[in-house]
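> I have a structure I would like to understand better, so I am pasting it below and will then ask my questions one at a time.
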Amino acid sequence: MANNRTFTMLKPDSVEKGNIGPILEKITSSGFRIVAMKLTQLTTADAEAFYDIHKERPFFGDLVTYMTRGPIVAAILEKDNAVEDFRALIGATNPAEAADGTIRNMFADSISENAVHGSDSDENAAIEGAFHFSGREMF
Ligand code: UDP
Ligand code: MG
């Protein structure tokens with residue numbers, strides 16, 4: 001994946017609250033093209049692997065429970081400067097600190113249940129996209 005792609009998940013709280021449509025509308029109207037997308041559910045092993053970097057953090061157990069409790073929407077998105085622009089669109093990890101109009105400001109409840117994931121680097125975007133999608137599922 002080149003530097004024009006990022007990876008996102010609409011987390012279980014977004015699916016539970018019926019926010020798939022409104023969040024995808026924000027994403028596409030902000031200039032991101034959907035390259036790949038699916039409704040899926042993380043296993044405990046999936047979530048532990050995906051968030052391995054946080055395994056020593058106090059919130060790790062709760063994070064794995066949250067991320068596996070129901071379906072998510074996984075997607076690869078394309079846009080110039082995708083990783084940085086998508087992080088700007090979703091806002092700060094803590095929705096209380098996320099700027100007005102950002103996805104987390106609009107749709108997230110707390111620093112733990114914060115509606116969406118966005119890759120933090122081109123390298124991780126490629127790893128995370130490949131975690132969910134094969135080449136023939138990318139358009
Ligand atoms: N998280 C949490 N408590 C914290 C920090 C993070 O529950 O104090 C959760 C939250 O769901 C966050 C995820 O762990 O999105 C990954 O944390 P990270 O610092 O990578 O934030 P992000 O990159 O998602 O903004
Ligand atoms: Mg992160």
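> If I take every Cα pair under 8 Å that is 6 or more residues apart in the chain, average their sequence separation and divide by the length, what percent do I get for the relative contact order?
It rounds to 39 percent for the chain.
> Quote the relative contact order of the stretch 71-139 in percent (integer), defining contacts as alpha-carbon pairs under 8 Å separated by 6+ residues.
With pairs under 8 Å counted, the relative contact order is 27 percent.
> Under the definition of Cα pairs under 8 Å and six or more residues apart, what whole-number percent is the relative contact order of the stretch 1-70?
41
> Just flag the GluC sites (Glu not before Pro) in the stretch 1-105 sitting in loop per DSSP whose Cβ has no more than 16 other Cβ atoms within 10 Å.
Glu56
> Per residue, how much accessible surface does the chain expose to a 1.4 Å probe? Answer in Å², no decimals.
Heavy-atom SASA per residue in the chain reads 50 Å².
> Carbon and sulfur: what percent of the stretch 1-120's accessible surface (1.4 Å probe)?
Reported share for carbon and sulfur atoms: 49 percent.
> Can you tally the lysine pairs in the chain where the Cα-Cα distance is under 24 Å and the two residues are eight or more apart, or on different chains?
The result is 9.
The values are calculated or read from the model by the stated rules, or taken from the named source; none is laboratory data. Please read these numbers as outputs of a predicted model, since none were measured by experiment. So basically every Cβ, Gly included, is an ideal-geometry build from the backbone, and we count neighbours across all protein chains shown. Side chains included, ligands, DNA and RNA excluded: accessible areas come from the protein's heavy atoms. Shrake-Rupley method; radii C 1.70, N 1.55, O 1.52, S 1.80 Å.
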